[in-house]
Amino acid sequence: MSSAKMTGFRIGDLARVTATRVETIRWYEKVGLIAAPARSEANYRLYDRAALNRLSFIRRARALGFSLDQVRSLLALSGDRGRRCGSIDVLAQAHVDEIDRKIADLQALRGELADLLAACGGTTVADCSVVEALAPA
């Protein structure tokens, strides 16, 4: 905390603790992922422990590659602690499936580029298969 009298985290404190840029925190507020916090007498944003936990959740979900819409859904679903987790599992499995599709696409790209490199004689740019593949038809 920045001051012993304060209750809550100022935005800079929250940014440091969660390794999140201040601009990102403000944007999360703007799009409704984080509720607008109370304000101090000096008009500083004061975030509580719940906001810290919510931002940490968002950061972990984003690090796992979830989109903002998926994060919004995860937050909504996670709010009911007694709820069965089937809906969350479906969302997470859809994300795993999308990651698998992206991996397959990247592997295909890698194979194509590796084939171009293998075909390159390594002589001159005029004979370079990579340049030839990139040149307009």
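The values are calculated or read from the model by the stated rules, or taken from the named source; none is laboratory data. It should be emphasised that the depicted structure is a prediction, and the values quoted were computed from it without experimental measurement. Glycine also receives a Cβ, built like all others from the backbone with ideal geometry; neighbour counts cover every protein chain displayed. Ligands, DNA and RNA are excluded from the accessible area calculation, which covers all protein heavy atoms including side chains. Shrake-Rupley method; radii C 1.70, N 1.55, O 1.52, S 1.80 Å.
General remarks:
- Net charge of neighbours whose Cβ lies under 9 Å from the Cβ of PRO37, counting Lys and Arg as +1 and Asp and Glu as -1: 0
- In whole percents, the pair-distance distribution calculated for the range 11-64 from its alpha-carbon pairs, binned every 10 Å from zero, is 24, 62, 12, 1.
- Scanning the chain for long hydrophobic helices, with DSSP H runs required to stretch 20 angstrom or more by C-alpha along their axis and to average at least 0.0 on the Kyte-Doolittle scale, returns 86-119.
- Contact order normalised by residue count of the chain, Cα under 8 Å, 6+ apart, percent: 14
- The heavy atoms of CYS85 present about 80 square angstrom of accessible area, all protein chains included, probe 1.4 Å.
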